[in-house]
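**Q** Take this structure, written in structure tokens, and hold onto it; I'll ask about it next.
Since every read-out is calculated from the coordinates, none of them should be taken as a lab result. Owing to the predicted nature of the structure, the values given are computational and were not obtained by experimental measurement. All Cβ positions, even for glycine, are placed from backbone atoms using ideal geometry, and neighbour counts span all protein chains on display.
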Amino acid sequence: MTAEVLPHFVEAVLAGHQRTYGYYAQKIGRDPATESIAIGPVMHLIGAICVFRRIPIAPLYYVTRADGEPRNIFAADPLESRYVLPHFDTLYIAAREYKYGSVEFQVGCRA
């Protein structure tokens with residue numbers, strides 16, 4: 001599913017658009033009302049790619065919930081709660097301010 005979502009995510013990031021989980025579900029032909037939650041693990045993987053590529057974690061800024069509520073994914077995972085959540089504001093701002101290029105999201109190449 002990551003391979004299906006990634007091109008749509010990269011397009012949104014390069015255009016500077018925040019999109020919802022439902023937006024990505026719809027883009028890959030799934031029902032946004034019932035399958036938006038399936039996009040969460042995809043964004044986690046894209047976030048991990050950002051960490052390994054040593055660039056700001058793009059999904060922290062560019063993916064939102066349609067209802068405007070916080071994404072409590074970090075509170076649910078003990079490691080993320082301990083190591084990510086205390087730095088969320090800084091990571092969010094870094095993702096918002098960083099100027100991403102398409103090459104940074106290409107699998108198998110170095111930025």
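**Q** Translational D (Stokes-Einstein, µm²/s) of the chain at 25 °C and 0.890 mPa s when Rh comes from the Kirkwood sum over C-alpha pairs?
**A** After rounding, the answer is 172 µm²/s.
**Q** Name the residue from Ala66, Ile55, Ala76 whose Cα lies farthest towards the positive end of the charge dipole of the chain, charges +1 on Cβ of Lys and Arg and -1 on Cβ of Asp and Glu.
**A** Ile55
**Q** Follow-up. Which longest uninterrupted range of the chain lacks any trypsin sites (Lys or Arg not before Pro) assigned by DSSP to a loop state (not H, G, I, E or B) and surrounded by at most 12 other Cβ atoms within 10 Å?
**A** Within the chain, the longest run free of exposed trypsin sites (Lys or Arg not before Pro) spans 1-53.
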